[in-house]
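Chemist: Sharing a structure, written as structure tokens. Questions coming.
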Amino acid sequence: MKRGIRKISALLGAAVLALSVSACGLETNAALPYAVGPGSIKPVPALSGVDITVGSKDFTENILLAYMAELALSAAGMDVTDLSDIKGSTNARQALLAGEIDMTWEYTGTGWINYLGNTDPIPDEQQQYEAVRKADLEQNGISWLDYSPVNNTYAFATTADFAQQHNLKTTSDMTNFLKQNPEEAVFCVETEFASRQDGFPGVQKLYDFPATEVKQFGTGAIYASIANNTCRFGEVFTTDGRIAGLNLTVLADDKKFFPQYNVCPTLRQDYLAAHPEVADVLRPVAAEMTNDQMIQLGKKVDIEGQDAGAVARDWMVEKGFVTAG
């Protein structure tokens with residue numbers, strides 16, 4: 001059985017929903033013209049014809065993940081509405097809490113710090129996941145399904161050539177190198193990262209590396225600044241497609257300073273209780289994705305200009321989860 005994915009625009013004739021969407025500042029999406037059939041994800045009788053609206057934040061990785069979930073749930077027989085690319089994390093979170101979307105991918109560190117108000121991250125990713133899962137269910141009625149190996153956390157990166165030349169694989173390697181070569185200790189970081197204790201000051205204190213100069217840039221400019229040697233090292237997100245596109249090497253945070261940001265499907269508990277089979281559909285998709293794969297998929301979208309929906313569909317077909325429609 002093949003099912004397409006309904007567009008939110010198809011539903012906006014309903015005045016109540018239209019008002020609700022508008023009130024949250026959400027925008028309708030372009031059409032997602034992909035119908036898929038079952039692969040390893042088979043039709044689930046209990047989910048046949050059940051409505052589900054999938055949302056996402058407005059950056060490439062989260063949009064890709066939303067499309068993957070939509071394709072998986074469609075193959076399982078659900079009637080899927082696409083509300084990906086919601087502007088701003090807060091709006092995406094509020095849309096889930098308000099019932100305007102039923103499912104979205106969220107990050108453990110974001111949930112723990114931004115939504116639950118904690119100030120101290122938990123270094124171990126399993127413990128971080130368990131803590132946010134328990135607290136968000138108890139406080140907000142949000143269920144976190146099994147987390148993915150994808151961990152979109154902070155790290156330092158340098159060019160692949162420079163890393164290979166000096167055998168730099170970890171932040172400790174970088175520290176040892178810079179203590180011998182302080183003239184190379186030129187960093188590019190975001191403005192906020194430069195002053196936050198869970199940013200540059202904290203990581204520098206833990207690793208004890210020198211910093212001859214710290215330049216502040218917008219996020220997008222940092223990747224290019226590393227590549228063109230404006231700075232030797234820069235702050236990056238570990239799953240960004242520009243890492244592959246600009247041939248950068250991410251240095252492992254071997255002392256685990258930065259918070260863990262493993263991505264998980266999240267749903268309201270009442271929706272999951274009514275349709276528990278959704279967890280079984282999404283579990284293998286979350287488990288299969290890795291940081292390296294996400295970097296390559298992000299590169300296709302952000303560097304090569306491919307359509308995010310097509311990239312997600314091709315990956316789902318390649319992995320055998322679905323068949324092309």
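The values are calculated or read from the model by the stated rules, or taken from the named source; none is laboratory data. The structure displayed is predicted, hence computed values, not measured ones. Glycine also receives a Cβ, built like all others from the backbone with ideal geometry; neighbour counts cover every protein chain displayed. Heads up: the accessible areas ignore ligands, DNA and RNA and are worked out on the full protein's heavy atoms, side chains in. Shrake-Rupley method; radii C 1.70, N 1.55, O 1.52, S 1.80 Å.
Chemist: Does anyone have the angle between helix 291-302 and the longest principal axis of the chain? Alpha-carbon axes, 0 to 90°, nearest 10?
Modeler: 80
Chemist: Ignoring ligands, DNA and RNA, what accessible area per residue does the chain give at 1.4 Å, in Å²?
Modeler: On the way: 13400 Å² over 325 residues.
Each residue of the chain exposes 41 Å² on average to a 1.4 Å probe.
Chemist: Let me ask something else about it. Out of all DSSP beta bridges with both ends in the chain, state the antiparallel percent to the nearest 5.
Modeler: On the way: 21 of 38 bridges.
Percentage antiparallel, nearest 5: 55.
Chemist: Which shape class applies to the stretch 203-325: rounded if a/c is under 1.5, otherwise prolate when a/b exceeds b/c and oblate if not, where a ≥ b ≥ c are the square roots of the Cα gyration tensor eigenvalues? Present the calculation step by step, with values, prior to reporting the outcome.
Modeler: Working: a/c = 2.93, a/b = 1.66, b/c = 1.77.
Verdict is oblate for the stretch 203-325.
Chemist: Right, another one. Taking the Cα centre of the chain as origin, sum charge times position over the Cβ atoms of Lys and Arg (+1) and Asp and Glu (-1), and report the length of that vector in debye to the nearest 20.
Modeler: Around 340 debye, computed over the chain.
Chemist: Which GluC sites (Glu not before Pro) in the stretch 251-325 sit in a loop by DSSP (not H, G, I, E or B) and have at most 14 other Cβ atoms within 10 Å of their own Cβ? Each step should come with its number before you reach the end.
Modeler: Details: sites: 277, 288, 304, 318; in loops: 304.
Here the GluC sites (Glu not before Pro) that fit, given the DSSP loop and packing criteria, are 304.
Chemist: Related question: Please give every one of the lysines within straight-line cross-link reach of residue 205, meaning a C-alpha to C-alpha distance under 26 Å, and leave out same-chain neighbours fewer than 8 residues apart.
Modeler: Partners within reach: 169, 179, 215, 255, 256.
Chemist: Scan around residue 143 for amide H atoms under 5 Å from its own, H built in the peptide plane at 1.01 Å from N, and keep only partners 5 or more places away or cross-chain.
Modeler: Correct list: 267, 268, 269.
Chemist: Another one. Per residue of the chain, what 222 nm ellipticity follows from adding -39500 (n - 2.57) for every DSSP H run with n ≥ 4, rounded to the nearest 500? Present the calculation step by step, with values, prior to reporting the outcome.
Modeler: Working: 15 runs with 138 residues, N = 325.
When only DSSP H runs of four or more count, the value is -12000 deg cm²/dmol.
Chemist: Can you list the GluC sites (Glu not before Pro) in the stretch 140-217 that are in a DSSP coil and have 10 or fewer other beta carbons within 10 angstrom?
Modeler: Working: sites: 183, 184, 190, 192, 213; in loops: none.
Nothing satisfies the criteria.
Chemist: Let me ask another. Tabulate in residue order the Karplus-calculated ³J(HN,Hα) for the stretch 57-69, using 6.51 cos²θ - 1.76 cosθ + 1.60 with θ = phi - 60°, rounded to whole Hz; enter x for Gly and Pro.
Modeler: Going residue by residue, I get 6, 9, 10, 3, 4, 5, 5, 4, 5, 4, 5, 4, 5 Hz, with x marking Gly and Pro.
Chemist: Given a 1.4 angstrom probe, I'd like the percentage of the accessible area of the chain that is carbon and sulfur, rounded to a whole number.
Modeler: Details: 6530 of 13400 Å².
Heavy-atom surface of the chain belonging to carbon and sulfur, 1.4 Å probe: 49 percent.
Chemist: Send over the per residue convex hull volume for the chain, Cα only, as a whole number of Å³. Please list the in-between numbers first.
Modeler: Numbers: hull volume 41.0 nm³, N = 325.
Output value, Cα hull per residue: 126 Å³.
Chemist: Another one. Helix 277-288: angle to the longest alpha-carbon principal axis of the chain, degrees 0 to 90, nearest 10?
Modeler: Orientation of helix 277-288: about 30 degrees from the principal axis.
Chemist: Report, in whole Å, the centroid distance computed from the Cα atoms of the stretch 288-325 and the stretch 128-192.
Modeler: Rounded to whole Å, the Cα centres lie 23 Å apart.
Chemist: Could you tell me how many degrees, from 0 to 90 and to the nearest 10, lie between the Cα long axis of helix 308-318 and the main elongation axis, the longest principal axis, of the Cα atoms of the chain?
Modeler: Once rounded, the angle reads 80 degrees.
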